[in-house]
Amino acid sequence: MLLFAFAFVANQVSAADIIETLAGTGQPENNGNSGVGTEVNVKDPFGVEIGPKGGLYITEVGNHRVMRLDLFTGKLVTIAGTGKKGYSGDGGPATEAELNEPYEVRFDTAGNMYFVEMQNQLVRRVDAKTGIITTVAGTGKKGFSGDGGPATEATFSSPHSIDLDESGNIYIADIGNHRIRMVDAKTGIVTTIAGSDGRTLPKDGQKAEGNSVLGPRALFYQNSVLWVALREGHSVFKLDLKTGIWHHIAGSGKKGFSGDGGDPLKATFNGPKGIAVGPKGNVFVVDTENQAIRKIDLKNNVITTIAGQGPEHRGGAGDGGPATQSEMDRPHGICIDAYGGVYIGDTLNHRVRRVRAKKR
């Protein structure tokens, strides 16, 4: 099915780009563990990530599974979770484990898969060679404890997002605790690298450790920088992991939907819940409550909407047409492929969609 192949002629998303559905039917009921992507129901997809061998990995929150879409054949298969809500299966095959709302999925350099389960308050790992699942952070109980000790004995509060660096260190958006925490790959020790008991926005140039951060919802790691979307803070920051310093990238901190065509720092967001950096260095943000995907062009210092029309256009229309004329319904996850294609977990539409360049 050539529809799913990486057939792009431009690396930069533009107003001429079209939107299409790759997985899901719009219906939430579990109608099977595998099949053609557009025939299998995907309930509440959140995280999306390009993984090994060109697969698109999808966290299905509503049916408690992680799925893989082959972008060349269009086949969708379940690779973790039974479809039943729970917490079981560690030490056995991932497909026989019970999960509870997997939110985001990532991979290390060896191809091992990691995902965060928000309602189980933990992070789990699936071995690339054996398919065995284990818990690598969290006890299954909600709380805030464990810094300085083993991550598997620590507690988290509604962790939403994760990413890994080149060394395999895991960064966790511990959103209920308004902190970002890191699990050291060599020691398994967890520490807080940003946030405190405070509930305020960080300041540009401020040290992250020991100072408050408001609602760190989504993380994206690249080249010793952690890009962070702040849900309650309605803004985007980056954390330089070498210096531990915050840098303000976009969003005034006020709730709204404004600023397109202008300075990203003056723009307004409403509960951003996803973030990714594309091959040209542009930052893409899922502006969830505005039903839109926005692009921050750092070179030209400008923000634009590249999919969706804003909060008054909540819905599921637009497939096959310009992405900027489409509708969305509380999108969450986002990832960008090497060609600039933008993949979106369009959550309440129960679909995974892609914005791709129109042939020209």
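The values are calculated or read from the model by the stated rules, or taken from the named source; none is laboratory data. These numbers were taken from a predicted model, which means no experiment stands behind them. Cβ coordinates were reconstructed from backbone atoms using ideal geometry, including for glycine residues, and neighbour counts include every protein chain displayed. To get the accessible areas, we keep the full protein, side chains included, count just its heavy atoms, and leave off ligands, DNA and RNA. Shrake-Rupley method; radii C 1.70, N 1.55, O 1.52, S 1.80 Å.
Pop the C-beta distance of V225 and E153 into the FRET formula with R0 = 35 Å and round what comes out to the nearest 0.05. Show your work: numbers first, answer last.
On the way: r = 29 Å, r/R0 = 0.84.
With R0 = 35 Å, the Cβ-Cβ based efficiency is 0.75.
Taking the Cα centre of region 143-257 as the origin, how large is its charge dipole in debye, to the nearest 20, when only Lys and Arg (+1) and Asp and Glu (-1) carry charge on their Cβ atoms?
With Lys and Arg at +1 and Asp and Glu at -1, about 460 debye.
Stretching the chain fully between A110 and E312 yields a gain of 68.4 nm (0.36 nm per residue, less the alpha carbon separation).
The simple spin-label model puts a point 7 Å past each Cα toward its Cβ; for D127 and V77 those points are separated by 1.9 nm.
Within the accessible surface of region 154-224, defined with a 1.4 Å probe on protein heavy atoms only, the carbon and sulfur portion equals 45 percent. Packing, as the average of other Cβ atoms within 10 Å across residues, places the peptides 95-106, 301-312, 56-67 in the order 56-67, 95-106, 301-312, highest first.
Can you give me the orientation-averaged projected area of the convex hull built on the Cα atoms of region 204-248, in nm²?
Numbers: hull surface 11.1 nm².
With every direction weighted equally, the projected area is 2.8 nm².
Counting only residues at least eight positions apart within a chain, or on another chain, the aspartates and glutamates with an alpha carbon under 12 Å from that of K43 are E29, E60, E101, D346. Annotation for H247 and D319: the two label points, set 7 Å from Cα along the Cα-Cβ direction, are 4.0 nm apart.
The alpha-carbon atoms of region 107-209, seen along their principal axes, cover 44, 29, 21 angstrom, with the largest extent given first. Placing unit charges on each Cβ (+1 for Lys and Arg, -1 for Asp and Glu) gives the chain a dipole about its Cα centre, and among G89, T109, A208 the Cα reaching farthest toward its positive end belongs to A208. The list [x] 5, 23, 32, 25, 12, 2, 0; [y] 6, 27, 36, 24, 7, 0; [z] 5, 22, 29, 25, 14, 5, 0 gives values of P(r) over Cα pairs in 10 Å bins from 0, in percent, and only one came from this structure; which label was calculated from it? The value matching this structure is [y].
Looking only at D260, D44, D329, which one moves most when the chain is put into a Gaussian network model with springs between Cα atoms under 10 Å? Among D260, D44, D329, the largest GNM mean-square fluctuation belongs to D260. Expressed to the nearest 5 percent, the antiparallel share of DSSP beta bridges inside the chain is 95 percent. Amide H contacts under 5 Å for R351: D346, restricted to partners 5 or more places along the chain or on a different chain, H placed in the peptide plane at 1.01 Å from N. Were the residues from D70 through K207 laid out at 0.36 nm apart, the gain over their Cα-Cα distance would be 45.1 nm. Of the trypsin sites (Lys or Arg not before Pro) found in region 138-205, those in coil by DSSP whose Cβ has at most 14 other Cβ atoms within 10 Å are K141, K186, R199, K203.
Within region 207-244, which trypsin sites (Lys or Arg not before Pro) sit in a loop by DSSP and count at most 15 neighbouring Cβ atoms inside 10 Å? All intermediate terms of the calculation are to be shown ahead of the outcome.
Working: sites: K207, R217, R231, K238, K242; in loops: R231, K242.
For trypsin sites (Lys or Arg not before Pro) across region 207-244 that sit outside H, G, I, E and B with at most 15 neighbouring Cβ atoms in 10 Å, the list reads K242.
The GNM of the chain, with springs linking C-alpha atoms under 10 angstrom apart, assigns the highest mean-square fluctuation among F72, F257, F107 to F72. Peptides 331-338, 208-215 ranked from most to least packed by the mean count of surrounding Cβ atoms within 10 Å: 331-338, 208-215.
In this structure, the pairs whose alpha-carbon distance is over 18 Å, taken from K238/K273; K53/K186; K254/K299; K85/K129; K85/K141; K203/K238, are K53/K186; K254/K299; K85/K129.
Quantify how much of the Cα-Cα distance distribution of region 189-328 extends past 26 Å, in percent. Every Cα pair in region 189-328 considered, those over 26 Å come to 22 percent. Each Lys and Arg adds +1 at its Cβ and each Asp and Glu adds -1 at its Cβ; summed about the Cα centre, region 196-329 shows a dipole of about 380 debye.
Between A276, A110, A317, the residue with the greatest mean-square fluctuation in the GNM of the chain (Cα pairs under 10 Å linked by springs) is A110.
Remark: the chain carries 37 Å² of accessible area per residue (probe radius 1.4 Å; ligands, DNA and RNA excluded). Ranking T305, T59, P159 by how far each Cα lies toward the positive end of the dipole of the chain (charges on Cβ) leaves T305 at the top. Legend: calculated FRET efficiency, E39 to K280, from the Cβ-Cβ distance at R0 = 56 Å, rounded to 0.05, equals 0.95.
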